[in-house]
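Colleague: Can you read through this structure? Questions will come right after.
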Amino acid sequence: MNKLLALAGAAFIASAALPLSPAPTQAQGQQQTLAAVRIDPVKLSTGYRASKVRGASVVNETGERIGTIDDVIITQDGKESYAVLAVGGFLGLGDHLVAIPYSQLTMQESRIVLRGATKDTLKQLPQFKYS
């Protein structure tokens, strides 16, 4: 196992030293160029994984639990993301689903906060339905 980890680490270090030049690829018979982007894996690892956000409780600024995150949806153009919140209901039954811009959520002390919201105000929003 240690040998495998050492080999993987060496491969990662070697690949990090390679220059990032666009790699030609084929898509539907046409040559395309993909530009690689370097990321900081340490910084990225402190982010929020979708698998951990989904099902998480959402509270308002007073700490009142107002719903849970049912899903996260990214638009087809990749420019916007929305959180689908489940409000009310019991154990997933009778939930009122609403979509809000993900940018309205803030992370505070490992809590997901939606300022200015209550269960009642969220239930007044148009119901979101998956197509």
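Colleague: At R0 = 41 Å, how high is the FRET efficiency between residue 74 and residue 110 if r is their beta carbon distance? Nearest 0.05 is fine.
Modeller: The computed FRET efficiency comes out at 0.95.
Colleague: If packing is taken as the average count of other Cβ atoms within 10 Å, what order do 118-129, 96-107, 41-52 fall into, highest mean first?
Modeller: 96-107, 118-129, 41-52
Colleague: Relative to 2.2 N^0.38 Å, what does the C-alpha radius of gyration of segment 49-123 come to as a ratio? Two decimals please.
Modeller: 1.04
Each value in this text was obtained by applying a stated rule to the coordinates, not by laboratory testing. All of these numbers come straight from a predicted model, not from anything done at the bench. With ideal geometry, Cβ positions are generated from the backbone for all residues, glycine too; neighbour counts draw on all protein chains shown.
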